[in-house]
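The values are calculated or read from the model by the stated rules, or taken from the named source; none is laboratory data. Bear in mind the structure is a predicted one, so any value in this text is a computation, not a measurement. Positions of Cβ are backbone-derived with ideal geometry, glycine not excepted, and every protein chain shown enters the neighbour counts. Accessible surface areas use protein heavy atoms only, side chains included; no ligands, DNA or RNA. Shrake-Rupley method; radii C 1.70, N 1.55, O 1.52, S 1.80 Å.
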Amino acid sequence: MAQVTDAPTVAELALRALGRFGDRVAFDGHGGTYTYRACLDLIGRCQAAMTRLGLKPGDAIAVLHANRGDAWIATMAATALGLRTTPLHPLGSLADHLFVLEDAGIDHLLVDAEAFADRGGELAAAAPGLSTVLTLGRAAFGRDLMAAAEAAGAAAPVDRTRPDDPAWIAYTGGTTGRSKGVLRDHRSYAALTTAIHAGFEWPERPAYLAVAPNSHVGGTKIMPTLMRGGRVHCLP
């Protein structure tokens, strides 16, 4: 159980926000429309499916997707389950992506099959260290996470995280040489989120147009939007 003096984790901030606003719309646009309540439901289902497929706290998962609400929900399900997340840049080369998978010690891969089916198939075939490949939508490779989540049935979301657990490794642009992984633990990632929430001039109920890749800096505005009960409109 968390102590009063503990920092929050990213998962704690997310689940708290999603539990606060019920039937308000949290995401719409590309990837479907989800209320706050539906986000919580899908997180629980995804976690149940991930657990059955062997994903566990301490594992590392890489994600490759366009801007879509269900991708954010699936990634948060993994994060709250205690996995460390690494986003793959949507414009990265195959060599770049393979380097990241090896350098970050990635165990599992989640791919948007609609936007990145070809690259996902290449990665699934060329990265021997992957234990599990999950897809958003059907593909010739991997397991369809949303189908598995639907089959898993309703399950309450869980938070397996602690403030000092690694939450995220993102890779630099490589302007000074080889791209380098930058680690954030839950404590620092939550501090980044609350700093953005506190430092921007947010409207009372924001509507965020997600244009830049959600898997990178554009995604840092999603959590503060949800913490205020706002809506994220995704463009692919």
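For the range 122-143, state whether one or more residues are over 29 Å from A38 (Cβ atoms), of a type in the set (D, E) and at pLDDT below 95. Looking through the range 122-143, none of the residues is over 29 Å from A38 (Cβ atoms), of a type in the set (D, E) and at pLDDT below 95. Applying the condition of being part of a strand (DSSP E or B) and not aliphatic (A, V, I, L, M) to the range 202-231 and asking which residue is farthest from A77 (Cα to Cα) yields Y208. The condition (being under 20 Å from V100 (Cα atoms), more than 20 Å from the chain's Cα centre (by Cα) and open to solvent by 20 Å² or more (accessible area, probe 1.4 Å)) is satisfied by just one residue among A125, A140: A125.
Applying the selection to the range 81-95, what residues are surrounded by 16 or more Cβ atoms within 10 Å (Cβ to Cβ) and either of a type in the set (F, W, Y) or not in a strand (DSSP E or B) (or both)? Even if it seems obvious, please write down each step before you answer.
First, the residues of the range 81-95 that are surrounded by 16 or more Cβ atoms within 10 Å (Cβ to Cβ): 81-90, 92.
If the condition is that a residue be surrounded by 16 or more Cβ atoms within 10 Å (Cβ to Cβ) and either of a type in the set (F, W, Y) or not in a strand (DSSP E or B) (or both), then L81, G82, L83, L88, H89, P90, G92 are the ones that fit.
Residue by residue through the range 165-186, note down the ones that are under 14 Å from F99 (Cα atoms) and open to solvent by less than 70 Å² (accessible area, probe 1.4 Å).
Quick first cut of the range 165-186, residues under 14 Å from F99 (Cα atoms) only: 169-174, 177-181.
Selection gives I169, A170, Y171, T172, G174, G177, S179, G181.
Note on the range 39-57: residues that are without any contact (Cβ under 8 Å) to a residue 60 or more places away in the chain and out of contact with any Phe, Trp or Tyr (no Cβ under 9 Å at 6 or more places or on another chain) amount to 2.
Table: residues versus (1) farther than 18 Å from L130 by Cα; (2) of a type in the set (S, T, Y); (3) open to solvent by 10 Å² or more (accessible area, probe 1.4 Å).
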residue	(1), (2), (3)
G22	yes, no, yes
D28	yes, no, yes
A38	yes, no, yes
G44	yes, no, no
M50	no, no, no
D59	no, no, yes
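Hey, can you tell me all the residues within the range 106-121 that are under 27 Å from P57 (Cβ atoms) and either in a helix (DSSP H, G or I) or open to solvent by 40 Å² or more (accessible area, probe 1.4 Å) (or both)? Those that are under 27 Å from P57 (Cβ atoms) and either in a helix (DSSP H, G or I) or open to solvent by 40 Å² or more (accessible area, probe 1.4 Å) (or both): D107, A113, F116, G120.
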